[in-house]
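Values quoted throughout were computed directly from the atomic coordinates according to the rules given, and no laboratory measurement underlies them. Because the structure is predicted, anything quoted here is derived from the model rather than measured.
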């Protein structure tokens with residue numbers, strides 16, 4: 001089952017480019033998106049621990065949190081981000 005996660009990290013983990021590269025290398029990551037500093041939305045079929053272990057393996061000891069985004073959510077985000085979080089997939093191109 002696909003799940004949406006929020007990954008929040010500090011500078012010690014790496015730059016945005018480092019984290020993007022890490023997510024792209026991970027077979028468990030189906031897709032990802034970002035629009036907030038130090039944060040990524042990640043879609044995967046594995047649990048948060050598996051994702052966290054893989055991130056730590058690749059990027060080291062910087063601090064980060066990966067938490068599942070459930071139906072109990074609210075905020076002010078772009079429409080494409082809401083689509084990703086609600087559908088666990090990228091919005092189709094129009």
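Translational diffusion coefficient, Stokes-Einstein: compute it for the chain using the Kirkwood radius over C-alpha pairs as Rh, at 20 °C and 1.002 mPa s, and state it as an integer in µm² s⁻¹.
Details: Rh = 13.4 Å.
This corresponds to a translational diffusion coefficient of 159 µm²/s.
Taking a ≥ b ≥ c as the square roots of the Cα gyration tensor eigenvalues, with a/c under 1.5 meaning rounded and otherwise prolate when a/b beats b/c, else oblate, which class fits region 35-76? In terms of gyration-tensor shape, oblate.
Just to confirm the number: angle between the C-alpha axis of helix 16-25 and the first principal axis of the chain, 0 to 90 degrees, nearest 10? Roughly 80 degrees, rounded to the nearest 10. So what is the relative contact order of the chain, in percent, for Cα pairs below 8 Å that sit 6 or more residues apart? Computed value for the chain: 39 percent relative contact order.
As a test of the formula, what do you get for the chain when each DSSP H run with n ≥ 4 contributes -39,500 (n - 2.57) and the sum is divided by the residue count, at 222 nm and rounded to the nearest 500 deg cm²/dmol? Display every interim value, and only then the final one.
Details: 3 runs with 31 residues, N = 94.
The helix contribution divided over the chain gives -10000 deg cm²/dmol.
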